[in-house]
Structure formats: structure tokens, C-alpha cells
1. Could you pull out every one of the helices (runs of 4 or more DSSP H) wholly within the range B:64-175 that has 1 or more residues that are touching a strand residue (DSSP E or B) at 6+ places or on another chain (Cβ under 7 Å) and within 14 Å of chain A (Cβ to nearest Cβ)?
2. Checking A:ALA87 against (1) at pLDDT 95 or above; (2) surrounded by fewer than 18 Cβ atoms within 10 Å (Cβ to Cβ): exactly one of these is not met. Which one?
3. Taking the stated definitions as given, is B:LEU172 of a type outside the set (D, E, K, R), open to solvent by less than 20 Å² (accessible area, probe 1.4 Å) and modelled with pLDDT of 95 or more?
4. Give the residue, chosen from B:LEU315, B:LEU324, B:LEU337, that is surrounded by fewer than 20 Cβ atoms within 10 Å (Cβ to Cβ), touching a residue at least 40 places away in the same chain (Cβ under 8 Å) and touching a strand residue (DSSP E or B) at 6+ places or on another chain (Cβ under 9 Å).
5. Residue under question is A:SER105, and the condition is that it be more than 30 Å from A:SER38 (Cβ to Cβ) and more than 11 Å from every other protein chain (Cβ to nearest Cβ); does it hold?
6. Only one of B:ALA12, B:ALA3 is of a type in the set (A, V, I, L, M, F, W, C) and modelled with pLDDT of 95 or more; which?
7. In this structure, does B:SER358 turn out to be in contact (Cβ under 8 Å) with a residue 40 or more places away in the chain, surrounded by fewer than 23 Cβ atoms within 10 Å (Cβ to Cβ), over 16 Å from B:TRP169 (Cα atoms) and of a type in the set (Ser, Thr, Tyr)?
8. Assuming B:SER200 fulfils every condition listed in (1) over 30 Å from B:GLN27 (Cβ atoms); (2) open to solvent by 40 Å² or more (accessible area, probe 1.4 Å); (3) among the small types (Gly, Ala, Ser) apart from one, which condition is it?
Amino acid sequence: MKIDFEQVTVPVPTPETEHFWSGCVAGELRLQQCDDCSDVYFPPRPFCPACGHRAVSIIRGSGKARLLSYVINHRPHPAFDSPYAIAVVELEEGVTMMANILNVSQTPEALILDMPLKVAFRSIRRGIVLPYFEPVGAGS
Amino acid sequence: MSAAKVAIVGAAETTELGRIPQTSQIQLHADAALNALADAGLTIKDIDGVATAGESPTAVAHYLGIAPNWVDGTAVGGCSFMLHVRHAVAAIESGLCKCVLITHGESGRSNVGRAGWASAPGSLAGQFESPFGGMGPTTMFTLPVLRFLKDTGTTLEQLASVAVMQRQWAALNPRATLKELTSVEAVLADRMIAYPFTKSQCCLVTDGGGALILVAAERAGDFPQAPVYILGSGESTETPMISQMQDLTRSRAFQMAGARAFETAGIQHSDVDHLMIYDAFAHLPLYGLEDLGFCGRGEAGAFIASGQTAPGGILPLNTNGGGLSYMHSGMYGMYALQESVRQVRGTAAAKVAGVEISVCHGVGGMFGASGTVVMSASKAR
């Protein structure tokens with residue numbers, strides 16, 4: 001898929017999410033894990049959403065995921081060549097996140113639910129790197 | 001056994017629906033409110049409680065000239081009005097106020113005096129969803145459905161049949177925006193918006209409004225219209241981010257709101273004569289039928305496709321034509337409530353015979369929140 005990174009909506013990190021975005025710059029997909037109940041969670045927050053414990057650790061995710069669901073948007077978007085897919089992936093660690101799927105045709109025939117994916121980082125601008133995903137075996 | 005303490009005695013929509021460029025959003029609230037007051041035989045001076053979403057209750061009360069003893073600005077999306085009904089019941093029951101006006105008005109199509117919806121770039125949705133090209137509900141609300149279809153064995157044709165069946169109801173309703181009958185083939189062949197959703201499976205974008213008036217059940221016989229009693233209700237929220245649903249194939253908020261509504265009303269599914277399930281997109285009635293317990297897992301698609309929810313079916317569903325065919329201004333919950341009131345009163349355009357119990361189920365945001373209201377023609381059952 002073709003993305004005009006200049007037109008991508010830029011996320012604005014907050015103090016609670018800064019580790020995630022600096023992780024992307026470092027090529028790491030950073031998640032958080034509760035020091036008490038061991039729950040791994042996302043999106044970032046400085047306490048465990050499963051048990052409320054405040055002592056949590058940043059862990060490095062494997063970057064492995066599967067395609068959970070998606071839509072293929074046919075309406076025009078300033079950053080994307082339509083049609084393009086918007087997906088939800090489930091990471092190996094069990095959390096879900098939204099992403100685009102790179103290096104694959106944006107069609108129902110090519111995008112098969114549960115297909116194995118891996119994280120693919122792309123620098124957009126202003127020091128922001130976004131985590132995208134691509135099929136395992138696709139080149140980047 | 002459950003006895004209603006509060007009833008709806010006034011209910012109306014805006015004078016016009018559809019495209020209303022000559023009217024601002026706040027005036028749509030007021031137009032609906034004045035129509036509901038006329039329906040109830042009341043004046044603005046009788047109202048001492050105001051609830052609304054989309055505008056602040058402060059703004060609505062001031063615009064209408066109401067000095068309220070109670071306000072509710074719960075704004076959790078299109079089901080906010082179901083929650084307002086529930087909160088109004090509690091407020092009237094506990095004596096905080098006597099007569100509640102719930103208003104909705106939305107210049108969804110013409111955008112006259114309407115605020116925007118975009119996520120702040122520093123919000124979690126702004127950081128972790130917006131960069132990936134979502135364009136509002138058509139691409140976000142719809143995102144879970146391929147997982148639902150796969151996990152439940154539901155087909156694209158069954159999904160399309162939702163739009164077909166609701167159009168059959170809309171065809172009976174002179175106020176519906178789209179009234180021409182359609183077919184599964186035509187729905188699937190319509191313009192693709194966000195695969196697998198074609199235009200026919202996405203809600204309309206219109207202008208309009210509606211209002212309800214609630215008083216204590218013991219006063220409900222003093223008004224011109226047959227009372228519609230609130231037998232039970234439920235509400236819940238899940239997540240503001242579609243990517244963070246616990247399970248893309250089930251709505252936790254639907255399940256919690258629905259179960260609580262049935263429990264407080266003291267009813268079983270077999271008691272329900274009429275059902276409204278907020279349908280911003282064609283998959284919502286499927287989720288609703290399963291999450292509310294009307295259908296087992298994976299059975300809703302076949303249930304709808306076989307005509308069970310269409311005119312003549314055993315469970316009349318979305319009998320105004322729904323958000324897909326009747327109207328959808330952005331926060332459709334008010335129109336679902338209006339249709340439940342009309343069916344219980346026996347005044348609906350596509351009238352279902354002998355409606356004693358109507359269940360009205362709303363969604364807010366994109367599976368973000370939910371509210372369910374059980375209405376009854378009788379005070380107790």
C-alpha cells in the first residue's frame with residue numbers, strides 16, 4: 001500500500017505514552033506488564049488495568065501478531081491511496097492494536113484473517129515512527 | 001413482578017426529518033421539545049428536569065427558557081437518550097424533579113450550528129488509531145465485522161439481508177428516507193464504502209430531532225396520550241477505541257445493559273413483542289440479537305435472513321426502517337425510542353399488532369457504550 005507519510009495524522013505523545021513512541025524510534029514494540037498480576041496490556045498507562053496495581057514494567061514485545069479483523073476503505077484519504085485496509089492485529093502477547101498492513105495487496109483475497117504478521121516500523125516525520133505490520137515472509 | 005414508577009407521556013420528533021438546512025442544531029432540539037410538549041398537553045413551565053446530549057443541558061434549558069431542578073448531560077454517543085430515560089426514572093422516583101424533558105437535535109447532514117467529532121491528537125485514540133487512516137464510523141465501527149463473520153459462520157449475504165428486511169419496514173413508513181424495496185443482490189452490488197460494507201449497509205446521514213417527556217407513573221393517566229411505562233433499563237460502557245474491544249465479536253456493553261434491563265423489568269425474551277436495535281451499520285442488529293440473548297451464537301444472521309424480524313415475522317425489529325432506511329442524524333438512539341413509544345401506543349406507521357412490551361436497545365460511540373430501555377403499555381406485569 002502507498003502512504004504519504006507527510007499526510008499521516010501525527011500522534012502527540014503524552015508522559016504516559018512516551019516510552020511507546022521512543023521505543024518505536026529504537027525499533028522496539030514496547031508493551032507494559034503488571035509487576036503484581038503479570039497482565040500484559042496496551043495502550044500505555046502507568047497502572048495495571050486488570051488489577052489497578054501501580055508498579056508496572058515496560059517490556060519489549062516480540063513484534064509477532066496475527067490479523068484479527070479489518071475493513072478496506074474505498075473513500076479518499078489524504079494520506080492513503082484508496083482502497084486501503086485498516087486492521088486490528090492481535091500481538092503474540094495477547095493485546096490488540098490498530099495498524100495498516102504493508103507489503104500485501106489491499107484486497108479480501110490477499111488479506112486472510114489470522115495470517116501471521118510481524119511489526120514493520122516506518123518513520124513518518126518530526127521524529128515519529130509508527131508501528132505497521134506486514135505478512136511474515138514479506139520483505140522490509 | 002415489576003411495577004413501573006415512571007412513564008413517557010409525551011414523545012415527538014422534529015416537524016421535518018431529512019435535510020433541514022434552514023434550522024440550526026439547537027433549534028432542532030427546541031422544535032422536537034415543543035412538539036413533545038404539545039403531544040403531552042404540557043407547556044415549557046411544566047418542565048423541571050432536562051437531559052440532552054450533543055448540546056449541553058445548560059444550553060438547551062436556557063434556549064427553551066427552563067429553570068431546571070435537575071439536568072443530565074450524559075453524553076456517551078447515540079444511546080445517550082436511553083441512559084437519560086433511565087436516569088430520569090431514578091430522578092423522578094427519588095423526588096429530584098417531577099417532569100423531565102429529554103431532547104435530541106442534530107444537524108447531521110446540513111451542519112448548521114454543529115460541533116465536530118475528531119479525536120484530540122494526544123488522546124489514546126488520537127495516538128493509537130488516528131494515524132492508520134480511519135475515517136470515522138464507516139471505517140471504525142465496521143472494523144470488527146470480518147472477525148464476527150468468521151467466528152460465527154455468518155455470511156456476507158446474511159449481513160446484507162439486514163438492510164433488505166429493514167427496507168421492508170421502511171416501505172410502510174411515509175416518513176422514512178428510503179422506501180423502495182431492495183434485495184441481497186442489490187445491497188451487495190451497491191457502491192463499496194469500507195469492505196465488506198456497501199452504501200446500503202451504512203446508515204443515512206440526515207438532520208432531525210426528537211424529544212420525550214417523563215413523569216411519575218401515578219400521574220401518567222392525566223395526559224392526552226396513552227402512557228408508555230418504563231418497566232426496566234440498563235446501561236454500560238466498554239471502550240472509546242474500537243481496537244481495544246475485549247472481543248471483536250461481542251459487545252460487552254450490549255450484554256451488560258441488556259441483561260440489566262431484562263432483570264429490572266422482570267421480563268423474559270418471549271415477553272418481547274417489538275424490538276429496536278440501533279443500526280448505524282448492518283452488523284449491529286446481528287450483535288444485538290446475540291448479545292441481548294434473542295439468538296444463540298451465530299444464529300442472528302439466519303434469523304434475519306429468514307424473515308423472522310421482517311413484517312409478519314415473529315420478532316418485529318427496527319420497524320421504522322432503522323438508521324439504514326428511516327433516518328440517522330448521528331445520534332440515532334432518540335429515533336429508536338420514538339418508534340418504541342409509537343409501537344406501544346399503537347400509533348406507528350408500520351403498526352405491529354398488540355405490542356405490550358417493546359425493548360429499545362442503543363449503542364453509543366462505536367461499541368463504546370450501550371443503553372437498553374424496556375417499555376410497556378401496562379404499569380405492572
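1. Passing ranges, in order: B:124-128, B:137-140, B:145-152.
2. So the condition that A:ALA87 fails would be (2).
3. On the way: of a type outside the set (D, E, K, R): yes; open to solvent by less than 20 Å² (accessible area, probe 1.4 Å): no; modelled with pLDDT of 95 or more: yes.
Answer is no for this residue.
4. Just one listed residue meets the conditions, B:LEU315.
5. The answer is yes for A:SER105.
6. B:ALA12
7. no
8. (2)
The values are calculated or read from the model by the stated rules, or taken from the named source; none is laboratory data. Just so it is clear, the model here is predicted, and its values are computed rather than measured. Note: ideal-geometry Cβ built from the backbone for every residue, glycine included; neighbour counts use all protein chains shown. Just the protein is used for accessible areas: all its heavy atoms, side chains included, with ligands, DNA and RNA removed. Shrake-Rupley method; radii C 1.70, N 1.55, O 1.52, S 1.80 Å.
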